[in-house]
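Shown next, in structure tokens, is the structure this report addresses.
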Amino acid sequence: MLLLTCPCCGVTAEETEFAPGGEAHLKRSGPGSSDAEFDSYMFNRKNPRGVHFERWRHAYGCGKWFLAARCTMTLEVFGTYPAQTLEPPAEIVAAIKAKRPDWEGFA
Amino acid sequence: MSELAQSALPGAAYEGFVTVAEAGLRGMITVRGDLAGLAGAVKDATGCAIPAQRRVEQAGAKAVAWMSPDELLILCDYADAPALTASLATALSGQFATVANVSDARAVFTVTGAQAGDALAKLCPVDFGAMTTGDIRRTRAAQVAAAIWVSGEGEMTLVCFRSVAQYMFDLLSRAAQPGSEPKLYA
């Protein structure tokens, strides 16, 4: 079971209270991008075995979106942070590095 | 005189190891916007300050509940709700905020008894042992959304959508069946 802490309302709840929103930090390839770039933005998703950044919504609670860093293999949650961030904040990266020293970093 | 406004399940009640009762019509107003900017209008309308995160502020017959970082729920008498909505809307005109009277969209149940938390723990993924009087928690009860307010010692008030009132009453009644106490908290 996944236990997530919503950064918007401070509640720590289990997975069933949340709705998953797929990969976080997707960057849209804007007007003028090549077909290949847009195709990649539209369809290609990471599917790592290990550290992953995801979007979640506190669907049965405050209703807000937030982001979570977790391990897809062990379900360990490294931290959750507001959705209004373009890349993982320093403290989340530090928390992951502490637990997974060989993690290649956010790319 | 005929009563036009009726609650979802008038008079529905179940006596188990806790008492489940439909609370009747309750005035409810949703206010959304920047909470700091709403403080003055909400204070004038209800006498309550903006509640802290996941808390309920009470002043007489009115209460204000924290629902999300940009949403409050005002609880009042059913008859007062339309006038209160109108006065709040006037007070907040020009601000980036919305006021809606949602009284008729909701159903309210009370679960009373020392083991109220135990009955609800069967339905909700929540640690009711960590909740104290005046706390409110939005969660799910089995398959539907609910807000649970610890409205007093051994008393929980549960708010859900009116369309699922019968489902909620059946759930709560089943959870409160005598002999099925999980004895988690009391």
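Bear in mind that the values in this text are calculations on the coordinates, not laboratory data. All values reported here derive from a predicted model rather than from experimental measurement. As a convention, Cβ positions derive from the backbone with ideal geometry for all residues, glycine included, and neighbour counts pool all protein chains shown.
Computed values, structure above
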item: Helix A:90-99 vs. chain A, principal-axis angle (Cα, 0 to 90°, nearest 10); result: 70 degrees
item: Solvent-free Debye scattering, log10 I(q)/I(0), computed from the Cα coordinates of chain B at q = 0.08, 0.12, 0.15, 0.19 Å⁻¹; result: -0.26, -0.57, -0.86, -1.26
item: Förster radius 30 Å - calculated FRET efficiency between A:THR85 and B:GLN95, Cβ distance, rounded to 0.05; result: 0.60
item: Nearest 10 degrees, 0 to 90: helix B:165-175 Cα axis against chain B principal axis; result: 40 degrees
item: Dipole of the protein assembly as shown [Lys/Arg +1, Asp/Glu -1 at C-beta], most positive-end residue of B:VAL150, A:PHE43, B:LEU84; result: A:PHE43
item: Reach of B:LYS62 by Cα under 20 Å, taken over lysines that are not fewer than 8 positions away in the same chain; result: B:LYS43
item: Rg(Cα) / (2.2 N^0.38 Å) computed for the protein assembly as shown, rounded to two decimals; result: 1.16
item: Of A:LYS27, A:LYS97, A:LYS64, the one that fluctuates the most in a GNM where chain A has Cα springs shorter than 10 Å; result: A:LYS27
item: Tail beyond 15 Å, pair distance distribution of segment B:27-104 (Cα, percent); result: 46 percent
item: Gain upon complete extension [B:ALA36, B:ALA186; 0.36 nm per residue less C-alpha separation]; result: 50.2 nm
item: Length gained when the stretch B:GLN58-B:ASP127 is fully extended (0.36 nm per residue, less Cα-Cα span); result: 22.5 nm
item: Calculated FRET value between B:ASP80 and A:LEU26, using beta carbons and R₀ = 41 Å, to 0.05; result: 0.30
item: Where labels lie 7 Å past Cα in the beta-carbon direction, separation of A:MET73 and B:GLN166 in nm; result: 5.1 nm
item: Highest-fluctuation residue, B:VAL56, B:VAL126, B:VAL18 considered, GNM on chain B with Cα pairs under 10 Å; result: B:VAL126
